[in-house]
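Asker: Structure below; questions to follow.
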Amino acid sequence: MREHDKPRRLLILDDEPAVAQTVAFAAKRHGFAIRMSASPEAFFDDVAGFEPSHIIIDLLMPGMDGVEVLRNLAAGGCGASIIMMSGMGSRVLESAQRVGLERGLRIIGILPKPFKPAELRALLDAHAHHRAHPEPITAADHETLLDDIGPALRDEQFVLHYQPKVHLASGRPVGVEALVRWQHPTFGLLPPDRFLPLIEQSGNMTLLTICVIEAGLAWLAGTADDSARQLAINISATSLTDVNFTDLLHERCIRFNVDPARIILELTETTAPRRTAELLDILTRVRLKGFQLSIDDFGTGYSSLVQLAQLPFSEIKIDRSFVGGLHSSDQARKIVATTVALGKQLQLTTVAEGVENEAQARALTELQCDQAQGYFFARPMPGDAARAWLRERK
């Protein structure tokens, strides 16, 4: 069954019948089957039996509060889209949202009480067809995948998909981000969160990084009309412990006749939590060779300003959690605005990730963010499709 054909089932956890009925009425008009639970005990029975695609949770429940509910949902591997609802202040709601996200749940929004039905409908509409989390890998599958990594590297089963990045003011493409996938003969196309921890565990991250670099450079070199001006590549912490990494990267650019200035290396905030002499050596040489350097997921770590001050970045990527909260969280909007302003003061390019709708794109443009990527513009796509997408919009 295709994802968008799956039943839309909404499970509501709220001990106030009037509120639950109001939610149910609004959701029924949007094609949802409804089930309501007034207690956590009944709720968890319904999670198992009703198999909801969406869940709405009142955070203030007698017996078990919303954070405990989220903890139990995460422990059970819940893949439903979750909306949290409460009469508490927005900061408490946003904190609870972060709890859910940190535990791997799909939190799609927060709904303060009292709410307007239009606010609920907007959340349900925006996320009605989003893909739920895939089923967790079993212990047996885990071992199988570990055993398959060596043959997969040898047989070139790791492939790249490319997600376009656009200049917000003009709407024109500026480049792409290369995203690795595993085309597994048994499990199908696996996203990186399914296999990158296994790659690290197996000690093959450096080899995979080299494969990604070579595949990305070959793709960029084959884009003859220069419609993709830049290629962003994610770099692992393992690569940043090898002082020969810069020379390896530069040699590959020479081999594929690609100007290093067209390559952006993306590092997450947690990739290098401590500044070391080796890290400064590698990243400074990367910049001296002409490569660009981006700090990814900005604002989600604890040493953001320290890293910006000490490491030679040329770009900031604003994390999708803040972009997603632009219209539901005053705090998220302030963080995005502050990050964009900081980027301009430091003469860094600002890029917003996870842009999913026109309202977010418009808000980012108003805040003078430079670039953006996300499903609103284009999903990650195979190389030929990415070339065609870029040519059409050149």
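Asker: Hey, could you check region 309-323 for residues that are free of Cβ contacts under 8 Å to residues at least 40 places away in the same chain and either touching a Pro at 6+ places or on another chain (Cβ under 8 Å) or in a helix (DSSP H, G or I) (or both) and say which is nearest to residue 286 (Cα to Cα)?
Answerer: 310
Asker: Let me ask something else about it. Those residues that are in a helix (DSSP H, G or I) and surrounded by fewer than 22 Cβ atoms within 10 Å (Cβ to Cβ), I need them from region 336-353; list them, please.
Answerer: 337, 338, 340, 341, 342, 344, 345
Asker: Let me ask another. Take the residues in region 289-335 that are over 11 Å from residue 268 (Cα atoms) and among the aromatic types (Phe, Trp, Tyr); name whichever of them is modelled with the lowest pLDDT.
Answerer: Selected residue: 302.
Asker: Now for a separate question. Could you tell me whether residue 232 is more than 25 Å from the chain's Cα centre (by Cα) and within 26 Å of residue 172 (Cα to Cα)?
Answerer: When the stated conditions are applied, residue 232 does not pass them.
Asker: Do the conditions hold for residue 158, that is, is it of a type in the set (A, V, I, L, M, F, W, C) and modelled with pLDDT of 85 or more?
Answerer: Criteria met by residue 158.
Asker: Next question, about the same structure. Restricting region 181-221 to residues that are hydroxyl-bearing (Ser, Thr, Tyr) and in a helix (DSSP H, G or I), which is surrounded by the most Cβ atoms within 10 Å (Cβ to Cβ)?
Answerer: 209
Asker: Exactly one of these conditions fails for residue 213: (1) β-branched (Val, Ile, Thr); (2) more than 22 Å from residue 361 (Cβ to Cβ); (3) within 20 Å of the chain's Cα centre (by Cα). Give me its number.
Answerer: If we test residue 213 against (1) β-branched (Val, Ile, Thr); (2) more than 22 Å from residue 361 (Cβ to Cβ); (3) within 20 Å of the chain's Cα centre (by Cα), just (3) comes out false.
Asker: Using beta carbons and a limit of 7 Å, which pairs, at least six apart or on different chains, have the first residue in region 47-71 and under 18 Å from residue 21 (Cα atoms) and the second one acidic (Asp, Glu) and buried (at least 23 other Cβ atoms within 10 Å of the Cβ)?
Answerer: What qualifies is 58/14.
Asker: Would you tally the residues in region 209-245 being out of contact with any Asp or Glu (no Cβ under 8 Å at 6 or more places or on another chain), of a type outside the set (Phe, Trp, Tyr) and closer than 24 Å to residue 154 by Cα?
Answerer: 16
Asker: While we're on this one: Could you go through region 20-34 and let me know if any residue there is hydroxyl-bearing (Ser, Thr, Tyr), over 16 Å from residue 124 (Cβ atoms) and either outside the structural domain of residue 329 (by TED's automatic domain parsing) or in contact (Cβ under 8 Å) with a residue 60 or more places away in the chain (or both).
Answerer: No; the residues of region 20-34 include none that is hydroxyl-bearing (Ser, Thr, Tyr), over 16 Å from residue 124 (Cβ atoms) and either outside the structural domain of residue 329 (by TED's automatic domain parsing) or in contact (Cβ under 8 Å) with a residue 60 or more places away in the chain (or both).
Asker: Okay, next question. Of all residues in region 84-106, which are surrounded by fewer than 22 Cβ atoms within 10 Å (Cβ to Cβ), under 19 Å from the mean Cα position of the chain (by Cα) and not in a helix (DSSP H, G or I)?
Answerer: Result: 103, 104, 106.
Asker: Could you say which residue among 388, 378, 352, 363 is in contact with a Pro (Cβ under 6 Å, 6 or more places away or on another chain) and either free of Cβ contacts under 8 Å to residues at least 12 places away in the same chain or among the small types (Gly, Ala, Ser) (or both)?
Answerer: Exactly one of 388, 378, 352, 363 is in contact with a Pro (Cβ under 6 Å, 6 or more places away or on another chain) and either free of Cβ contacts under 8 Å to residues at least 12 places away in the same chain or among the small types (Gly, Ala, Ser) (or both), namely 378.
Matching residues to (1) over 24 Å from residue 306 (Cβ atoms); (2) of a type outside the set (Val, Ile, Thr); (3) out of contact with any Ser or Thr (no Cβ under 7 Å at 6 or more places or on another chain):
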| site | (1), (2), (3) |
| --- | --- |
| 339 | no, no, no |
| 355 | yes, no, yes |
| 364 | yes, yes, yes |
| 369 | no, yes, no |
| 378 | yes, yes, yes |
| 381 | yes, yes, yes |
| 387 | yes, yes, no |
| 390 | yes, yes, no |
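The values are calculated or read from the model by the stated rules, or taken from the named source; none is laboratory data. Keep in mind the model is a prediction, meaning the values are calculated, not measured. Glycine gets a Cβ as well: all are built from the backbone with ideal geometry, and neighbour counts include every protein chain shown.
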